[in-house]
Amino acid sequence: MEDKLDIGIVTQYGIWFRGNLYSCSLAIHEKWFERARQIGGWPLTVKYNDSEDQIHVVLENGAAENCSRIEHLSRDSGKLMAYYLEIQKLMGLRKELLERKTNDEDRFSDKHLR
């Protein structure tokens, strides 16, 4: 089957396309979903094939980023809450590690400046 083009929407939950949500490493790396939560969603061009369970987001440079369908969890789902809590825990650990690294670097530079 031939690839077709259509429009998807970046939302805070993922890339919304034809009733499904999709995600990809580029969207996560560039924090598309966080930005959509802050400033609202935006459209993007999607290349798709009805026989596949993934889509390809067409980037400004013409390249295509593969995106996989993600499970949409209802807001009252225990899975969603567990996922949210785990993300919060990881973000806290990351912040703690960055603070430790900064403190260690400051102590190291103070010793060598004296």
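The numbers here are math on the coordinates, done by the rules we state, and not lab data. Quick caveat: nothing in here was measured; it's all calculated off a predicted structure. Virtual Cβ from ideal backbone geometry, glycine too; neighbours counted across all protein chains shown.
In this simple spin-label approximation, residue 4 and residue 94 carry label points 7 Å from Cα along the Cα→Cβ vector, and these lie 3.7 nm apart. In this rough spin-label picture, where each label sits 7 Å from Cα along the Cβ direction, the residue 11-residue 23 distance is 1.5 nm.
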